[in-house]
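Asker: Below is a structure I'd like to ask you about.
The values are calculated or read from the model by the stated rules, or taken from the named source; none is laboratory data. All values derive from a computational prediction rather than experimental measurement. FYI the Cβ positions are ideal-geometry reconstructions off the backbone, even for glycines, and counts take in every protein chain you see.
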Amino acid sequence: MAQSVVLAYSGGLDTSVAIKWIKEKYGMDVIAVTADVGGDRDLEAVREKALKVGAVKAVVVDARDDFVRHYVFPCLRADAIYQGVYPLATALSRPLIARLLVDVAEKEGATAVAHGCTGKGNDQVRIDVGVAALGPHLKVIAPAREWGMTREQTIAYAQRHAIPIPVTSASPYSIDQNLWGRSIECGVLEDPWAEPPEDVFAWTASAQDAPDRPGYVEIGFEQGLPASLDGRALDGITLIQELNGLAGQHGVGRIDHIEDRLVGIKSREIYEAPAATVLFTAHQALEAMTLSREQLKFKQKVAAEYADLIYNGLWFSSFHQDLAAYVGSTQRYVAGTVRLKLHKGTCRVVGRKSAHSLYRHSLATYDKGDQFDQGASVGFIHIWGLPVKVQAEAQPEKEWKQ
Ligand code: ARG
C-alpha cells in the first residue's frame, strides 16, 4: 500500500498541481485538508476539486472558532503588530494549519505532510517549524519549493494533467485571506512606486467612495477580549465579521507596506484588515486608561517581540509561552468600552470608559473639584531634580549656557 501524505490544500493552482506532482514524484497518496479560517470561500467546491484532481480523501475543517480564540485574540491582547503596521492575519493562520496537518497525519497514519509554500516566503518557515515542533517524525514535502517551475510551466503542467485552472489564477495577484485580514501581493504591486489599483481591494471602500457621514462603533472588552459591539454581546467570529463589514464600508484598514521577510527580502505588501484595525486601536485605548505607565511601557516592548515571533514562525516556542503569560497577566483589568469614529478611511477613538479606569477626574481637572495638592509638587520636584542639579554643578555642559 502506498504511503500517504496530508496536504494543506487551498484549491489554488499550486496546491492542485501539487496533488498530481506528489503522486508522480513520490508515489504517495494525497489526503487534502482545507482549514476554514473565515476566508469567505466555497470550501465544499474546494473539497470536491481536491478529489477530482486526484486526492484519495479530502476534508474541510471549520477552524474559525479555534483561530479566533487561540490565535487572533492572543495576538490582539498582546497588541502584536509586525513592524508597526501588519496585523499578522496570514502569519497567525500558519501555526493553526501546521497543527491541523499534524493532527490529521496522526489520525490517518500518514508519514508526511505537504504545503504549497514557495522557498522565498515566510509561510514555509511557519509551517515547517510548526511541524518540527508538533510532529517531528513527519517528513515535510513542499512541492512549490522543490519543482522549480515558473508560473507558466505550472499552468502548462496543469493543462497537461487536465487540472482545472482557477479563475483566480487569471488574477495577477496572490491573495491570502481569513477573518483577520486579506494579504495581497504580486503583479503591479511589485513596483513600490505604483499606487495599488482599486481592484486589489475587496473588503474596503476607497475613502472617496466611503459615506460622507461618519459611522460610530462601540467595542466592549472583558479581560482584554472584545465581547460586545454596540452593546450586543457577540461571539468572536460574529464580532469580527460584523466589524469587517462596518469598518470596511468606511474605508478603514488599508495598509501599504514595504515589509522585511524573515528570509531577508524586502517585499511590498498590501493588506486589508478593517476589524483588526478597529480592534487594535480600541484595545490600546482601553489599555491606556487601565494600565499604569510602567505596564504600558514594558508591554510595548513585549508587543514588538510578540509580533516578531509570530511573524518569524516561532509560535510553538517556550518564548511564546512566557510572553503570553505576561500578556495574560496584564489583561486582568482591561475591561470597559471604547467608542470609535469611522470616517473616510480613518478610525479614531472618541471615547472610552472603564470600571477599572486609572483616570481620576478629581486629579486631572483644572476646574473646581481639583483634589491634586499642587503645593506638594514643590518637594517632589526638589528631590526629582536633585541629581540633575548636582551634576550640572560638578560637570558643567558648555552648550547649555550659550
Ligand atoms: N507577507 C505576509 C506574511 O508573510 C503575507 C503573505 C501572504 N501571502 C500571499 N499569498 N499573499 O505574513
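Asker: Output yes when any residue across segment 50-65 is farther than 18 Å from ALA273 by Cα, within 16 Å of the ligand (Cβ to nearest atom) and not aromatic (Phe, Trp, Tyr), and no when none is.
Answerer: Checked against the condition, which is being farther than 18 Å from ALA273 by Cα, within 16 Å of the ligand (Cβ to nearest atom) and not aromatic (Phe, Trp, Tyr), segment 50-65 yields no hits at all.
Residue-wise test of (1) closer than 15 Å to ALA227 by Cα; (2) without any contact (Cβ under 8 Å) to a residue 12 or more places away in the chain; (3) in contact with a Ser or Thr (Cβ under 6 Å, 6 or more places away or on another chain); (4) within 16 Å of the ligand (Cβ to nearest atom).
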residue	(1), (2), (3), (4)
LEU279	yes, no, no, no
GLU287	no, no, no, no
PHE298	no, yes, no, no
GLU305	no, no, no, no
ASP308	no, no, no, yes
LEU314	no, no, no, yes
ARG332	yes, no, no, no
THR337	yes, no, no, no
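Asker: So if I check each of ASP128, ASP66, ASP123, which one is out of contact with any Leu (no Cβ under 9 Å at 6 or more places or on another chain), closer than 30 Å to PHE298 by Cα and modelled with pLDDT of 95 or more?
Answerer: ASP123
Asker: For the structure I just gave you, tell me whether GLY328 is within 30 Å of ALA132 (Cα to Cα), touching a Lys or Arg at 6+ places or on another chain (Cβ under 8 Å) and touching a residue at least 24 places away in the same chain (Cβ under 8 Å).
Answerer: So GLY328 fits the description; yes.
Asker: So, one more: Are there helices (runs of 4 or more DSSP H) fully within segment 62-131 with at least 1 residues that are of a type in the set (D, E, K, R), within 15 Å of LEU7 (Cβ to Cβ) and touching a residue at least 12 places away in the same chain (Cβ under 8 Å)? List them.
Answerer: Here the list reads 89-108.
Asker: Still on this structure, I have one more. Need at least 1 residues that are within 16 Å of the ligand (Cβ to nearest atom) and buried (at least 18 other Cβ atoms within 10 Å of the Cβ) per element, so show me which strands (runs of 3 or more DSSP E) inside segment 138-208 make the cut, counting only ones lying wholly within it.
Answerer: In segment 138-208, the matching strands (runs of 3 or more DSSP E) lie at 174-178, 181-185.
A quick yes/no check of all residues on (1) over 22 Å from HIS137 (Cβ atoms); (2) surrounded by fewer than 21 Cβ atoms within 10 Å (Cβ to Cβ); (3) among the hydrophobic types (A, V, I, L, M, F, W, C); (4) under 14 Å from the mean Cα position of the chain (by Cα):
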{"residue": "GLN3", "(1), (2), (3), (4)": "no, yes, no, no"}
{"residue": "ALA45", "(1), (2), (3), (4)": "yes, yes, yes, no"}
{"residue": "ALA58", "(1), (2), (3), (4)": "yes, no, yes, no"}
{"residue": "GLN83", "(1), (2), (3), (4)": "yes, yes, no, yes"}
{"residue": "LEU88", "(1), (2), (3), (4)": "yes, no, yes, yes"}
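Asker: Turning to a different aspect of this structure: Just the residues that are within 15 Å of the ligand (Cβ to nearest atom) and within 20 Å of PRO226 (Cα to Cα), please, taken from segment 68-95.
Answerer: TYR71, VAL72, CYS75, ALA80, ILE81, TYR86, PRO87, LEU88, ALA89, LEU92, SER93
Asker: In addition: Go through the residues of segment 363-370 one by one and say whether even a single one is exposed (fewer than 13 other Cβ atoms within 10 Å of the Cβ) and on the phi > 0 side of the Ramachandran plot.
Answerer: Yes, the conditions are met somewhere in segment 363-370.
Asker: Considering only residues that are surrounded by fewer than 19 Cβ atoms within 10 Å (Cβ to Cβ) and more than 16 Å from VAL338 (Cβ to Cβ), which ones fall in segment 209-232?
Answerer: ASP209, PRO211, ASP212, ARG213
Asker: Does segment 245-253 include one or more residues that are within 16 Å of the ligand (Cβ to nearest atom) and over 25 Å from ARG99 (Cβ atoms)?
Answerer: yes
Asker: Looking at (1) more than 12 Å from the chain's Cα centre (by Cα); (2) modelled with pLDDT of 95 or more; (3) part of a loop (DSSP other than H, G, I, E, B), which is the one condition that is false for ASP40?
Answerer: Single failed check for ASP40: (2).
Asker: Now, a different point. May I ask you to say which residue of ILE31, ILE19 is in contact (Cβ under 8 Å) with a residue 12 or more places away in the chain, assigned to a strand (DSSP E or B) and out of contact with any Leu (no Cβ under 6 Å at 6 or more places or on another chain)?
Answerer: Being in contact (Cβ under 8 Å) with a residue 12 or more places away in the chain, assigned to a strand (DSSP E or B) and out of contact with any Leu (no Cβ under 6 Å at 6 or more places or on another chain) holds for just one of ILE31, ILE19, which is ILE31.
Asker: Kindly provide the set of residues from segment 132-154 that are farther than 17 Å from LEU7 by Cβ and at pLDDT 95 or above, ordered by number.
Answerer: Within segment 132-154, ALA132, ALA133, PRO136, HIS137 qualify.
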